[in-house]
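The values are calculated or read from the model by the stated rules, or taken from the named source; none is laboratory data. Everything numeric in this text was worked out from a predicted model, so none of it was measured. Positions of Cβ are generated from backbone atoms using ideal geometry, with glycine treated the same way; all protein chains shown enter the neighbour counts.
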Amino acid sequence: MKKIPFFLFLASFFLMVACENHIEADCSQTSVNRKAFAYLKEWYLWYEYLPAINPSDYESLDKMIAAVKYREGETLIDRFSYAVKKEEHDNYYAGKRYGMGMSMQRDENNEIFITLVYPESPAGVAGLKRGQKLLAMNGVTVEELDENGKYNKEHRNDEDFEEKTDWNNVYNAENKGEAVVFKVLEEGTELETTVVLDDYIGKSVLAYKVLENDGVKTGYIHFKSFINSSEKELNEVFAHFKEEKVERLVLDLRYNGGGLVKIARQLVNLVAGDKGKGDEIIKLIYNNKHSEQNYSYKGEVLKNSLSGIEKVAVIVSSGTASASEMVINSLTPYAEVTLIGETTYGKPVGMNAKDICDQTIVPITFKYANSQDYGDFFLGMEADCAASDDIKHDFGDEREEELAVALYYLSYGKCPQEAEVKSLAKRKTLEERIPLQLKGMGKIDYTF
């Protein structure tokens with residue numbers, strides 16, 4: 001019987017053999033490190049370059065992995081392998097989150113805008129959305145929070161120091177049920193609402209709609225992550241697109257750091273439809289110790305697959321990685337795929353995770369290619385039209401810069417003049433793109 005392995009990029013429940021299902025008795029850090037290093041020697045894509053180390057020399061699994069990642073001279077090639085607590089790993093792929101369900105970022109004028117809100121999260125329920133400018137939290141203005149933060153840092157060691165309200169103490173992120181009052185500015189109108197910290201499920205589809213672009217029905221979807229719940233969400237969106245008979249597509253992956261290969265395969269099939277039917281749309285290649293695990297996913301027509309899609313514009317950034325890049329790479333043989341934004345992260349490799357006691361090791365174990373055997377883009381995929389992440393407009397708003405450029409290209413087959421000029425601009429680093437970090441608020445899940 002033909003085996004169909006279950007693959008993923010950031011994490012998976014991959015078991016080497018059935019006998020390893022039982023819980024190991026020794027869960028000391030030394031034992032965990034040794035088991036993890038043994039796994040690397042078997043499955044790591046670059047296993048032959050692993051340095052000779054003593055796993056017991058490292059106080060954490062994270063530090064051991066950092067020490068053995070593959071390099072070429074001074075250049076770190078493996079920017080991806082990592083370790084995490086098993087509970088955190090499991091929760092991520094189940095969509096389980098805690099906090100507000102939003103992120104914020106400063107613009108070039110140091111003003112703070114909401115950049116992302118998960119639907120049905122505490123922030124979403126409170127009515128917050130991308131593009132709103134933050135004015136105050138719990139009655140303290142952004143300017144006061146900044147100034148108080150500087151004061152607290154400078155005077156913390158003073159004998160008579162009294163801490164002022166700053167970003168670190170304006171609310172208690174550890175207090176489930178904590179109410180945080182937001183004052184925001186939207187389209188010139190001040191609004192006030194309350195966000196209550198709580199558990200929530202992080203959706204993978206943050207926005208979708210059908211746009212009339214130059215008389216052509218164009219589907220738009222902002223897709224955030226490739227997790228277990230994505231399958232149902234994608235089916236619902238593409239059923240709507242199919243019913244509306246969309247002819248072109250804008251796929252927004254600007255914040256998507258990757259996830260499950262099975263969801264990448266689904267998305268490729270939903271877009272490519274019968275064009276990829278029977279082809280080896282995704283090829284996974286393991287190290288020479290485990291070439292028997294090499295596998296090709298065949299293209300197929302799904303219930304909600306689109307037909308006749310000739311043009312796809314993909315909004316990308318330096319945070320677009322892994323399964324997102326796999327989708328782009330695998331779609332290229334079947335449609336005119338145009339990238340809008342910035343150069344992508346560059347991760348043409350994937351991972352198989354292994355649970356060891358209460359920890360999970362997530363190393364690079366395979367590389368991948370499309371039906372034309374291409375998959376070498378460690379430096380990322382360059383954007384065809386340069387555009388900035390316009391945090392002052394919501395996803396799907398045709399005034400938002402990257403969407404506007406995407407729609408222009410789909411209509412005219414070329415970049416707007418200003419997008420061509422911007423292509424010479426300096427690429428933002430991943431660190432610059434990570435939003436304002438506050439407890440209970442979170443990054444945009446750059447976990448690849």
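Please pick out the residue among 259, 278 that is at positive phi and crowded, with 23+ Cβ neighbours inside 10 Å.
Numbers: 278 fails: crowded, with 23+ Cβ neighbours inside 10 Å.
It is 259.
Can you tell me how many residues within the stretch 199-209 are out of contact with any Gly (no Cβ under 7 Å at 6 or more places or on another chain) and over 21 Å from residue 131 (Cβ atoms)?
The qualifying residues number 1.
For the stretch 380-400, check the following and say yes or no: at least one residue is surrounded by fewer than 23 Cβ atoms within 10 Å (Cβ to Cβ), closer than 15 Å to residue 283 by Cα and not aromatic (Phe, Trp, Tyr).
no
Report yes if some residue within the stretch 278-289 is acidic (Asp, Glu), over 30 Å from residue 48 (Cα atoms) and not assigned by TED's automatic domain parsing to the domain that holds residue 125; otherwise report no.
Residues of the stretch 278-289 acidic (Asp, Glu): 279-280.
Of the ones still in play, those that are also over 30 Å from residue 48 (Cα atoms) are 279.
Still in the running and not assigned by TED's automatic domain parsing to the domain that holds residue 125: 279.
Taking every residue of the stretch 278-289 in turn, at least one turns out to be acidic (Asp, Glu), over 30 Å from residue 48 (Cα atoms) and not assigned by TED's automatic domain parsing to the domain that holds residue 125.
Restricting attention to the stretch 322-337, and to residues there that are assigned to a loop (DSSP other than H, G, I, E, B) and among the hydroxyl-bearing types (Ser, Thr, Tyr), which single residue is surrounded by the fewest Cβ atoms within 10 Å (Cβ to Cβ)?
Our first condition is that a residue be assigned to a loop (DSSP other than H, G, I, E, B); within the stretch 322-337, this holds for 322, 332-335.
Still in the list and also among the hydroxyl-bearing types (Ser, Thr, Tyr): 322, 332, 334.
Details: 322: 29, 332: 16, 334: 23.
Only one residue tops the list, namely 332.
Among 12, 31, which is the only one that is surrounded by 14 or more Cβ atoms within 10 Å (Cβ to Cβ), at pLDDT 95 or above and in the same structural domain as residue 359 (by TED's automatic domain parsing)? Before the answer, list the steps.
Values: 12 fails: at pLDDT 95 or above.
Answer to the selection: 31.
For the stretch 67-102: of the residues being assigned to a strand (DSSP E or B) and basic (Lys, Arg), which is nearest to residue 352 (Cα to Cα)? Lay out the reasoning, then the answer.
Keep residues of the stretch 67-102 that are assigned to a strand (DSSP E or B), which gives 71-72, 75-76, 82-85, 96-99, 102.
Within this subset, residues satisfying the condition of being basic (Lys, Arg) are 71, 85, 96-97.
Details: 71: 20, 85: 15, 96: 21, 97: 23 Å.
Filtering the stretch 67-102 for residues that are assigned to a strand (DSSP E or B) and basic (Lys, Arg), the one nearest to residue 352 (Cα to Cα) comes out as 85.
Do you know which of the residues in the stretch 158-190 that are surrounded by 13 or more Cβ atoms within 10 Å (Cβ to Cβ) and aromatic (Phe, Trp, Tyr) is modelled with the highest pLDDT?
Checked the stretch 158-190; the qualifying residue modelled with the highest pLDDT is 182.
What residue, of 193, 218, is surrounded by fewer than 17 Cβ atoms within 10 Å (Cβ to Cβ), outside any loop (DSSP other than H, G, I, E, B) and at pLDDT 95 or above?
Working: 218 fails: surrounded by fewer than 17 Cβ atoms within 10 Å (Cβ to Cβ).
Answer to the selection: 193.
In the stretch 66-77, which residue that is touching a helix residue (DSSP H, G or I) at 6+ places or on another chain (Cβ under 9 Å) and buried (at least 19 other Cβ atoms within 10 Å of the Cβ) is farthest from residue 361 (Cα to Cα)?
Restricting to residues being touching a helix residue (DSSP H, G or I) at 6+ places or on another chain (Cβ under 9 Å) and buried (at least 19 other Cβ atoms within 10 Å of the Cβ), the top hit is 70.
Within the group 319, 350, 346, which residue is in contact (Cβ under 8 Å) with a residue 40 or more places away in the chain and either assigned to a loop (DSSP other than H, G, I, E, B) or surrounded by fewer than 24 Cβ atoms within 10 Å (Cβ to Cβ) (or both)?
Working: 350 fails: either assigned to a loop (DSSP other than H, G, I, E, B) or surrounded by fewer than 24 Cβ atoms within 10 Å (Cβ to Cβ) (or both); 346 fails: in contact (Cβ under 8 Å) with a residue 40 or more places away in the chain.
That would be 319, the only listed residue that is in contact (Cβ under 8 Å) with a residue 40 or more places away in the chain and either assigned to a loop (DSSP other than H, G, I, E, B) or surrounded by fewer than 24 Cβ atoms within 10 Å (Cβ to Cβ) (or both).
Identify all residues within the stretch 94-126 that are of a type in the set (Asp, Glu) and free of Cβ contacts under 8 Å to residues at least 40 places away in the same chain; write none if there are none. Break it down into steps so the answer makes sense when it comes.
To start, the set of residues in the stretch 94-126 that are of a type in the set (Asp, Glu) comprises 107-108, 111, 120.
Within the stretch 94-126, 108, 111 meet the criteria.
Output yes when any residue across the stretch 146-160 is free of Cβ contacts under 8 Å to residues at least 12 places away in the same chain and of a type outside the set (D, E, K, R), and no when none is.
Yes.
Which residues, counting only those in the stretch 353-386, are in contact with a Lys or Arg (Cβ under 7 Å, 6 or more places away or on another chain) and of a type in the set (A, V, I, L, M, F, W, C)?
356, 361, 369, 386
Against the conditions (1) outside any strand (DSSP E or B); (2) in the same structural domain as residue 128 (by TED's automatic domain parsing), where does residue 105 fall short? Just the number, please.
So residue 105 meets the others, but not (1).
In the stretch 179-223, how many are more than 27 Å from the chain's Cα centre (by Cα), on the phi < 0 side of the Ramachandran plot and free of Cβ contacts under 8 Å to residues at least 40 places away in the same chain?
Initial filter on the stretch 179-223 (more than 27 Å from the chain's Cα centre (by Cα)): 179, 181, 183, 185, 187-194, 212-217.
Filter once more, keeping what is on the phi < 0 side of the Ramachandran plot: 179, 181, 183, 185, 189-194, 212-213, 216-217.
Next cut, free of Cβ contacts under 8 Å to residues at least 40 places away in the same chain only: 179, 189, 192, 212, 217.
Of the residues in the stretch 179-223, 5 are more than 27 Å from the chain's Cα centre (by Cα), on the phi < 0 side of the Ramachandran plot and free of Cβ contacts under 8 Å to residues at least 40 places away in the same chain.
Could you list, in sequence order, all residues of the stretch 194-243 that are touching a helix residue (DSSP H, G or I) at 6+ places or on another chain (Cβ under 8 Å) and farther than 26 Å from residue 96 by Cα?
210, 211, 213, 214, 216, 217, 218, 219
Can you find a residue in the stretch 139-157 that is at pLDDT 95 or above, touching a helix residue (DSSP H, G or I) at 6+ places or on another chain (Cβ under 6 Å) and surrounded by 19 or more Cβ atoms within 10 Å (Cβ to Cβ)?
No, every residue in the stretch 139-157 fails to be at pLDDT 95 or above, touching a helix residue (DSSP H, G or I) at 6+ places or on another chain (Cβ under 6 Å) and surrounded by 19 or more Cβ atoms within 10 Å (Cβ to Cβ).
What number of residues in the stretch 234-290 are of a type outside the set (Asp, Glu), assigned to a helix (DSSP H, G or I) and more than 20 Å from residue 374 (Cβ to Cβ)?
First, the residues of the stretch 234-290 that are of a type outside the set (Asp, Glu): 234-235, 237-242, 245-246, 248-251, 253-273, 275-278, 281-290.
Of the ones still in play, those that are also assigned to a helix (DSSP H, G or I) are 234-235, 237-242, 261-273, 275.
Add one more test, that the residue is more than 20 Å from residue 374 (Cβ to Cβ), and what stays is 234-235, 237-242, 262-263, 266, 270, 273.
Count: 13.
Being touching a helix residue (DSSP H, G or I) at 6+ places or on another chain (Cβ under 8 Å) and buried (at least 21 other Cβ atoms within 10 Å of the Cβ) is the filter here, so list the residues in the stretch 98-113 that pass it.
Correct list: 99, 100, 101, 102, 112.
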